Amino acid sequence: MRRRGFVIGALGLLAPGCRPTGTPSGGASLAGRSSVLAVKVDNVGAARPQTGVEDADIVYVEQVEGGLSRLMAVFGSRVPDVVGPVRSARETDLELLRQFREPTLAYSGAQGGLRPLIDAAPLRAVPQGARAAAYVRGGGRPAPHNLYLRPGRLGRTVSGAGAGAAAGFRFAAKVPAGGRPRSRQTVSFPAARFAFDWSAGRGRWLVGMDGRPATNADGARLAAPTVVVQYVDVLPSRFHDVNGSTSPLSRTVGSGRALVLRDGRVFDARWSRPSPRSGTAFTTRDRGGPLPFAPGQVWVVFAKK
């Protein structure tokens, strides 16, 4: 079976070199009820290139311990056969996911104190420990950067509708009025850097991480028609990692400023999410009208205010 730079063999292990085909609407089984599948994806250098991220409707970029970053890939239209490497959940994820109806959250594990909050959250939690058959290790990498999810083994995890609309996003092919020409946008965390370079030929922003082009496991450049830099409060949470470092908490309920990048232009915007169950609305800062995104994948980077 072939997909995204890996072979899935008889033992369920992943090895470099080949790729299986993607699966529409959550795999072969139709059991289940979730609207979206959210997968926590490792994003340190040893975890790159990742598998399956290019198929997500939305890619959220969160700050984690030590100023590093982690991705949450949200699938609503369809899911790939393999996603990863998969890493652990954070408190930020719980607030963020409440905007979706009964989402499925796939992750490797969580800090002990966070587990009761995950259990109480309105989501379907599928950590490695609970659904071991859906996870495999391999890819020629050392642990913990070698855990991958096979979504088809979770049953139906997506509704077939795009996750963007559920998140409150509006889409339109027509370029909105206003904005300024922009060929490159950078965003920095304390220990991670992102760059988005406009490609007129592809009609997308090419993703770079820590000074290098970001690619999928087949070597194709990660790219998205829309990139959002959403400025949020990033606060110390009550939780810590195994090394004692405080886990940051990005607050995604509230309002603030944002930059919306589409069609080689940057738009000054405002974001608003009045409650955890609400999606996030993006409006123009000057007129206050809706600011639509270009159709296709959206990257949202949570930058500190």
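The values are calculated or read from the model by the stated rules, or taken from the named source; none is laboratory data. Remember, predicted model here, so these are calculated numbers, not experimental data. Here the Cβ is made from the backbone with ideal geometry for all residues, glycine too, and neighbour counts use every protein chain on show. Side chains are part of the model used for accessible areas, which takes the heavy atoms of the whole protein and leaves out ligands, DNA and RNA. Shrake-Rupley method; radii C 1.70, N 1.55, O 1.52, S 1.80 Å.
Within region 41-56, is even one residue within 19 Å of Gly155 (Cα to Cα), in contact with a helix residue (DSSP H, G or I) (Cβ under 6 Å, 6 or more places away or on another chain) and touching a residue at least 24 places away in the same chain (Cβ under 8 Å)? Explain how you work it out, then say what you get.
Filtering region 41-56 down to residues within 19 Å of Gly155 (Cα to Cα) leaves 52, 55-56.
If we keep only those that are in contact with a helix residue (DSSP H, G or I) (Cβ under 6 Å, 6 or more places away or on another chain) too, we end up with none.
Scanning region 41-56 turns up no residue that is within 19 Å of Gly155 (Cα to Cα), in contact with a helix residue (DSSP H, G or I) (Cβ under 6 Å, 6 or more places away or on another chain) and touching a residue at least 24 places away in the same chain (Cβ under 8 Å).
Give the residues of region 171-210 that are of a type in the set (Gly, Ala, Ser) and within 20 Å of the chain's Cα centre (by Cα), sorted by residue number.
Result: Ser188, Ala191, Ala192, Ala195, Gly208.
Can you tell me which residues in region 198-211 are open to solvent by 40 Å² or more (accessible area, probe 1.4 Å) and without any contact (Cβ under 8 Å) to a residue 40 or more places away in the chain? So that I can check it myself, show each step before the final result.
Residues of region 198-211 open to solvent by 40 Å² or more (accessible area, probe 1.4 Å): 198, 200-202, 204, 210-211.
Correct list: Gly201, Arg202, Gly211.
Would region 13-26 turn up any residue that is in contact with a Ser or Thr (Cβ under 7 Å, 6 or more places away or on another chain) and at pLDDT below 50?
yes
Tell me the residue from Arg150, Arg182 that is open to solvent by 20 Å² or more (accessible area, probe 1.4 Å) and either under 30 Å from Gly66 (Cα atoms) or at pLDDT below 95 (or both), please. Working first, answer last.
On the way: Arg182 fails: either under 30 Å from Gly66 (Cα atoms) or at pLDDT below 95 (or both).
It is Arg150.
Taking region 58-108, which residues are at positive phi, open to solvent by 10 Å² or more (accessible area, probe 1.4 Å) and of a type outside the set (D, E, K, R)? Quick ask: steps written out before the conclusion?
Taking region 58-108 and keeping what is at positive phi, we get 66-67, 84, 102.
If we keep only those that are open to solvent by 10 Å² or more (accessible area, probe 1.4 Å) too, we end up with 66, 102.
Correct list: Gly66 only.
Tell me which residues, restricted to region 213-244, are closer than 18 Å to Ala46 by Cβ and in contact (Cβ under 8 Å) with a residue 40 or more places away in the chain.
Within region 213-244, Ala214, Thr215, Asn216, Ala217, Gly219, Leu222, Asp241, Asn243 qualify.
Among the residues of region 92-113, count how many are hydrophobic (A, V, I, L, M, F, W, C), out of contact with any Ser or Thr (no Cβ under 6 Å at 6 or more places or on another chain) and more than 23 Å from Asn146 (Cα to Cα).
Qualifying residue count, region 92-113: 2.
Search region 104-117 for residues that are in contact (Cβ under 8 Å) with a residue 24 or more places away in the chain and pair each with any residue that is crowded, with 20+ Cβ neighbours inside 10 Å and assigned to a loop (DSSP other than H, G, I, E, B) when their beta-carbon atoms are under 6 Å apart and the residues are at least 6 apart or on different chains.
Within 6 Å, the pairs are Thr104/Ser34; Thr104/Thr157; Leu105/Leu123; Tyr107/Ser88; Tyr107/Ala89; Ser108/Arg87; Ser108/Ser88.
Of all residues in region 264-278, how many are buried (at least 18 other Cβ atoms within 10 Å of the Cβ) and either assigned to a loop (DSSP other than H, G, I, E, B) or without any contact (Cβ under 8 Å) to a residue 12 or more places away in the chain (or both)?
Narrowing region 264-278 to residues buried (at least 18 other Cβ atoms within 10 Å of the Cβ): 266-267, 269, 271, 273.
With either assigned to a loop (DSSP other than H, G, I, E, B) or without any contact (Cβ under 8 Å) to a residue 12 or more places away in the chain (or both) added as a condition, the list becomes none.
Adding up the residues that qualify gives 0.
Conditions: (1) within 26 Å of Leu222 (Cβ to Cβ); (2) out of contact with any helix residue (DSSP H, G or I) (no Cβ under 9 Å at 6 or more places or on another chain); (3) open to solvent by 10 Å² or more (accessible area, probe 1.4 Å); (4) not acidic (Asp, Glu). Gly289 meets all but one. Number of the miss?
It fails just one condition, (1).
What about Pro103, is it closer than 20 Å to Gln297 by Cβ and over 19 Å from the mean Cα position of the chain (by Cα)?
no
All but one of (1) assigned to a strand (DSSP E or B); (2) exposed (fewer than 13 other Cβ atoms within 10 Å of the Cβ); (3) not charged (D, E, K, R) hold for Gly160; which doesn't?
Unmet for Gly160, out of (1) assigned to a strand (DSSP E or B); (2) exposed (fewer than 13 other Cβ atoms within 10 Å of the Cβ); (3) not charged (D, E, K, R): (1).
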